[in-house]
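Input: a single structure, listed below in structure tokens.
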Amino acid sequence: MIKNIFRLFALLLVLPSMAFQAKKDPKPVDQVYPLLDAANSRWFYFSAATRPFGMVNLSPDHTIDGAWGSGYRYNEDTVKGFSHIHAWQMSGVSVMPVSFSKTPEELLEDYYSAYDRDKEVIKPGYHKVYLNRYDITAELTATHRVGLHKYNFSKGSNQAVLFHLDGVLGPSKMIDGSLKQLSPYILEGQVTNSPTSRRPNTLTVYFQVEFDQPIENWVDNNQSPHKIVTFGESKGQPLQMKVALSYTSAENAALNMAEELPHWNFDKVVKETQDTWNELLGRIEIEGNTETQQRRFYTDLWKALQGRRTINDVNGAYPDNTGDTFRIGQLPVNDQGKPLFRHFNSDSFWGAQWTISVLWGLVYPEIAEEFANSFLQYYKDGGLIPRGPSGGNYTYVMTGASSTPFFVGLYQKGIRGFDVDLAYEGLRKNHLSGGMMSRSGYEHKTDKGGNVEDYISKGYVPYPNPRGRFGGHEQGAGQTLEYSYQDWTLAQLALALGKKEDAENFLARSANYKNLYDEQTGWIRPKDVDGNWFSPFDPYNYAKGYVEANGAQFTWFVPHDIAGLATLMGGKEKAAARLNEQFEEAEKLGFTSGTSHSLETHPEYRRIPINYGNQPSMQTAYIFNYLDRPDLTQYWSRKVLDKAFSGLSPESGFNGDEDQGLMGSLSVLMKLGLFQMNAGTEENPIYELGSPIFNKAVIHLNPKYYSGKSITILAENNGPKNYFISKKTFNGKPIKDIGIRHGDLTKGGILKLQMSSKSK
């Protein structure tokens, strides 16, 4: 135990600066720290051998039972397999290199191995681990749809690979696993993800395996969920294995391998994978601050570009589970037969309005456009634009119509490479009875838990739901505020498209949040179906009418009308003073509900007034910009970054629910000093200014979307205590507003900020 503590302490001291010791000018991929928050990892969180949004996310698994607290867990000491899929409600194809002295049959029931952390190497696109039990060094990398393994056995040892085909693997129970041999070098198999409480339908993973050495023997047992293939004694040469995936057919798994990995050059795949990461991470260059903060920045940016996974094959075939029966869909293709866009598995866009919507729209517009087209493909197939699809299923994860701000923000920024009219049709449907606003969290078979009907007729969603319990997150006050904001964003698109009647209707609905403002207590407060205030009322009581939050946090969820909320509170000055008090109290707990999502219900943390460990209140520091106190935005945003988003260790990082890039994106934006309160959904949206932590940041713009070459952010006289902006110019002209409009910013130029330790 003492030895492990000293080892961890040494690791924390050394790792943040390793890349800088190795190279004076490291590439972005060298600065990423994959172990960030790995001690608190959930199934889809940890990444190593993967490409941006890759179908394959290959890594060792230490814990395999459940979606939470599973996968790669830093403080665990046993490897239980290398699996290829770590996605939202999906898993599959777990393998393990093994060696034996007498007979491989003994490994069918006992094959786990301790590993040597001192010999472990983890980089984006590469993972190396030493298995103590077998004296095997395993190296992993991946293309988009193919995992590549290299196993170094000790000379003379018996080489074998075990396949785990049934049983619990992360969020899913694997069923109907099978494996057969096609040739001395090739295997073909499949495993099926059984339904979960969040993903209602099964999903089959087809895979093809190819080795660079011939299979010598085959070991299985009807009583075991495992199969083993052996290769004879090692002659000192590595055993390599390719594993190609498909969610549609064995033939397409083989095609994915043939197209993406026709060779055995392991180092070439590592380089190509890291080159892919470098291109995307390199779109933002930073200078200044500490080496640790530079590494943390690129780790945050790396997180923002993964988690949400590709589900289509190279030929555009994809699994469609949106209907009553499974079907194989086909994406549109170009003249060369390549898909025009990828199709994605994705956790919810709940909270994306302040995170990936803003970051992708500015820095990665082509990725944002792909997601828009993918979500429209779901609409064509199943009749609804999803808020978080898994394996071709609608999962109805979280609440509201969270995809609406994403689409509207793209349109307002000129990112329109999708069918806008079809998108409006689908988004509008989601805001009416039978759409996404009708369904609460994970409500698969009914459409009553969202209760948009009462929201429309009464002007709020009652709490408790008078219709009954149908799913999760049936929290009327929180739902009302979400719907109000999302209605406002849809109204902006209706206005832009000349749909005047719709615009007036959704604008009127966007004021519904006011119906739950209680003048006596000064908080957004739940009402029951008869219009009575929820009682007894405690604004700090977690999830009593509020979605994954308390009333103190959720009261500020009015990103479309902060001025209106301030008026209800007695004016901007009183609202600012009140929010400032909440930040002062939240600072005592580090602005988060502990170090993980699971601690939110802890008696101490559940009462925190601002929580940057979950989505509902992570916009709050920027609210001060709209209350005529930009100095407080600058002050508190920097304080939040220092406490919640500056660590670089396996024990902390996002302090809560990272949710596939949401917290990483938020951290990146705040560190650049840019933000969008309403997700950039108004005409020519504004980027509000915060307090950048780097002396210089250069954002390289995509020339296919924006006329400018780059945006340079210069923070002169920056420092740990110089939170405040004393002077601000863009291309030499003073900035009089709280920020810069999208149309001006994307023409490129220099944003120069004079930083100071004193506010104006």
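The values are calculated or read from the model by the stated rules, or taken from the named source; none is laboratory data. Note that the coordinates shown come from a computational prediction; the quantities given were computed from them, not determined experimentally. All Cβ positions, glycine included, derive from the backbone under ideal geometry; neighbour counts span all protein chains shown. Protein only, heavy atoms only, side chains kept; ligands, DNA and RNA dropped before computing areas. Shrake-Rupley method; radii C 1.70, N 1.55, O 1.52, S 1.80 Å.
By the scheme Lys and Arg +1, Asp and Glu -1, what is the net charge of all other residues having a beta-carbon under 12 Å from that of Pro692?
Working: positive: Arg638, Lys671, Lys696, Lys728, Lys752; negative: Glu287, Glu716.
Summing Lys/Arg as +1 and Asp/Glu as -1 gives +3.
In the stretch 679-729, what trypsin sites (Lys or Arg not before Pro) fall in a loop by DSSP, with at most 14 other Cβ atoms inside 10 Å? Numbers along the way, then the final one.
On the way: sites: Lys696, Lys704, Lys709, Lys721, Lys727, Lys728; in loops: Lys704, Lys709, Lys721.
The qualifying sites are Lys704, Lys709, Lys721.
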Check the straight Cα-Cα distances from Lys338 and name the aspartates and glutamates below 15 Å, setting aside those fewer than 8 residues away within the same chain.
-> Glu259, Glu260, Asp313, Glu370
Does anyone have the angle between helix 250-260 and the longest principal axis of the chain? Alpha-carbon axes, 0 to 90°, nearest 10?
-> 80 degrees
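Add +1 for every Lys or Arg and -1 for every Asp or Glu among the other residues with Cβ under 11 Å from the Cβ of Leu108, and state the total. If you can, show how the numbers build up before the last one.
Values: positive: Lys227; negative: Glu105, Glu106, Glu109, Asp110, Asp220.
Here the count lands on -4.
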If r is the Cβ-Cβ distance from Glu573 to Arg467 and R0 is 60 Å, what FRET efficiency results, to the nearest 0.05?
-> 0.90
Spin-label model distance (nm) - Ala511 vs Asp530, 7 Å beyond Cα toward Cβ = 2.8 nm
Checked against the positive end of the charge dipole of the chain (+1 on Cβ of Lys and Arg, -1 on Cβ of Asp and Glu, about the Cα centre), the farthest of Ala114, Asn512, Thr446 is Asn512
Taking the dipole about the Cα centre of the chain, with the C-beta of Lys and Arg at +1 and of Asp and Glu at -1, give me whichever of Met257, Gln475, Ile367 is farthest to the positive side.
-> Ile367
Solvent-accessible heavy-atom area per residue, rounded to whole Å², over the chain at 1.4 Å | 35 Å²
Surface accessible to a 1.4 Å probe, Glu716 within the full protein complex, Å² | 70 Å²
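So which trypsin sites (Lys or Arg not before Pro) in the stretch 352-455 are both in a DSSP loop and have at most 16 other Cβ atoms within 10 Å of their Cβ? Don't skip to the end; give the middle numbers.
Values: sites: Lys380, Arg387, Lys413, Arg416, Arg428, Lys429, Arg439, Lys445, Lys448; in loops: Arg387, Lys413, Arg416, Arg439, Lys445, Lys448.
Of the trypsin sites (Lys or Arg not before Pro), the ones in loops of the stretch 352-455 whose Cβ has at most 16 other Cβ atoms within 10 Å are Arg416, Lys445.
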Give me the log10 of I(q) over I(0) for the stretch 352-480 at q = 0.20 Å⁻¹, as the Debye formula computes it from C-alpha points; what are the numbers?
-> -1.10
Setting aside same-chain residues fewer than 8 positions from Lys544, which lysines have a Cα under 21 Å from its Cα?
-> Lys448, Lys458, Lys514, Lys527
For Asp538 and Lys27 in the same chain, what is the full-extension length gain: residue separation times 0.36 nm, less their Cα-Cα distance, in nm?
-> 178.9 nm
Violations at 29 Å Cα threshold for listed pairs Lys639/Lys728; Lys119/Lys235; Lys643/Lys758; Lys128/Lys588 -> Lys128/Lys588
Percent relative contact order for the stretch 417-540, counting Cα pairs under 8 Å at least six residues apart, stands at 20 percent
With label points set 7 Å from each Cα along the Cα-to-Cβ direction at Tyr112 and Leu422, the distance between them in nm comes to 4.8 nm
Expressed in nanometres to one decimal, the distance between label points 7 Å along Cα→Cβ at Asp642 and Asn717 is 1.8 nm
Cα-based reach from Lys733 at 20 Å (exclusive), listing lysines while leaving out same-chain residues under 8 positions away = Lys696, Lys709, Lys747, Lys752, Lys760
Between helix 2-22 and the chain: long-axis angle, C-alpha atoms, 0 to 90°, nearest 10 = 80 degrees
Formal net charge of residues neighbouring Met569 (Cβ-Cβ distance under 12 Å; K, R +1; D, E -1) | +1
Regarding the stretch 203-305, what whole-number volume in Å³ per residue does the convex hull of its Cα atoms give?
-> 205 Å³
Dipole of the chain (Lys/Arg Cβ +1, Asp/Glu Cβ -1, origin at the Cα centre): which of Ser390, Gln754, Trp523 lies farthest to the positive side?
-> Gln754
Can you send over the solvent-accessible area of Met398, 1.4 Å probe, protein chains only, in Å² to the nearest 10?
-> 10 Å²
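By accessible area of protein heavy atoms, probe 1.4 Å, what ranking do Glu548, Glu105 get, highest first? Spell out each step's value before the answer.
Values: Glu548 30, Glu105 95 Å².
From most exposed to least exposed: Glu105, Glu548.
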So, in Å, what gap is there between the alpha-carbon centers of the stretch 339-391 and the stretch 593-657?
-> 26 Å
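Measure off, as a whole percent, the carbon and sulfur share of the 1.4 Å-probe accessible area of the chain, all protein chains present. Write down the numbers at each step before the final one.
Values: 12510 of 26480 Å².
Roughly 47 percent, rounded to a whole number.
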Using only protein heavy atoms and a 1.4 Å probe, report how much of Arg133 is accessible, in Å² to the nearest 10.
-> 100 Å²
Between the helical axis of 420-430 and the dominant principal axis of the chain, each derived from Cα atoms, what acute angle in degrees is found, rounded to the nearest 10?
-> 80 degrees
Would you work out the relative contact order for the chain, in percent, from Cα pairs under 8 angstrom that are 6 or more residues apart?
-> 11 percent
Treating every alpha carbon of the stretch 675-733 as one equal point scatterer without solvent, the Debye formula yields log10 I(q)/I(0) values at q = 0.22, 0.28, 0.29 Å⁻¹ of -1.12, -1.26, -1.26
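Given a 1.4 Å probe and heavy atoms of the protein chains only, how would you sort His263, His62, largest accessible area at the top? Before the final figure, lay out the partial values.
On the way: His263 45, His62 5 Å².
Descending order: His263, His62.
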Could you state, as a whole-number percent, how many of the C-alpha pairs of the stretch 23-150 are farther apart than 21 Å?
-> 38 percent
Long-range amide H partners of Asp518 with built H, under 5 Å = Trp523, Ile524, Arg525
Once you have all Cα-Cα distances for the chain, histogram them in 20 Å bins from zero and send the whole-percent values.
-> 17, 51, 29, 4, 0
Two-decimal log10 I(q)/I(0) for the stretch 526-579, as the Debye equation yields it once each C-alpha is a single scatterer, q = 0.19, 0.20 Å⁻¹ | -0.77, -0.84
Distance between Cα centroids, the stretch 671-689 to the stretch 95-153: provide it in whole Å.
-> 46 Å
Report, in cubic angstrom per residue, the convex hull volume of the C-alpha atoms of the stretch 642-760.
-> 133 Å³
